[in-house]
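Below is one structure; the comments refer to it alone.
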Amino acid sequence: ITSFMTNAPRSKERGAGMSKRVRNKDKYDIPMWHRPTISIAEASAYSGIGTGKLYEMTDTEDCPFVLWVGTRRVIKRKPFVEYLERQYSI
């Protein structure tokens, strides 16, 4: 018994059937220095501080550069840069 699907083309890429518009719906090419907020991973790449240390720094309630979006934390870019400029060590 052969299945009618044996000759169907199969793509190994996830979401191959989705249109390009749907895949790129939330992706915009806005430079980091124009965005008001950045992710923890982006802040890590930007500053050279590890993600673990950034999570530790943003856990406190008095952190001046964290913004909670539901349960997700994002970094306010300008206050983060100003904070780094004032610090001697982290």
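The values are calculated or read from the model by the stated rules, or taken from the named source; none is laboratory data. What you see is a predicted model; the values in this text were computed from it and never measured. Neighbour counts run over all protein chains shown; Cβ positions are idealised from the backbone, glycine included.
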Quick one: which helices (runs of 4 or more DSSP H) lie wholly within region 11-62 and hold at least 2 residues that are modelled with pLDDT of 85 or more, within 17 Å of LYS78 (Cβ to Cβ) and of a type outside the set (A, V, I, L, M)? 40-47
In region 63-78, what count of residues is obtained for those that are exposed (fewer than 15 other Cβ atoms within 10 Å of the Cβ) and either touching a Phe, Trp or Tyr at 6+ places or on another chain (Cβ under 7 Å) or not in a loop (DSSP other than H, G, I, E, B) (or both)? 6
Quick one: ARG72 ticks every box in (1) in contact with a strand residue (DSSP E or B) (Cβ under 9 Å, 6 or more places away or on another chain); (2) closer than 14 Å to SER39 by Cβ bar one, so which box is it? (1)
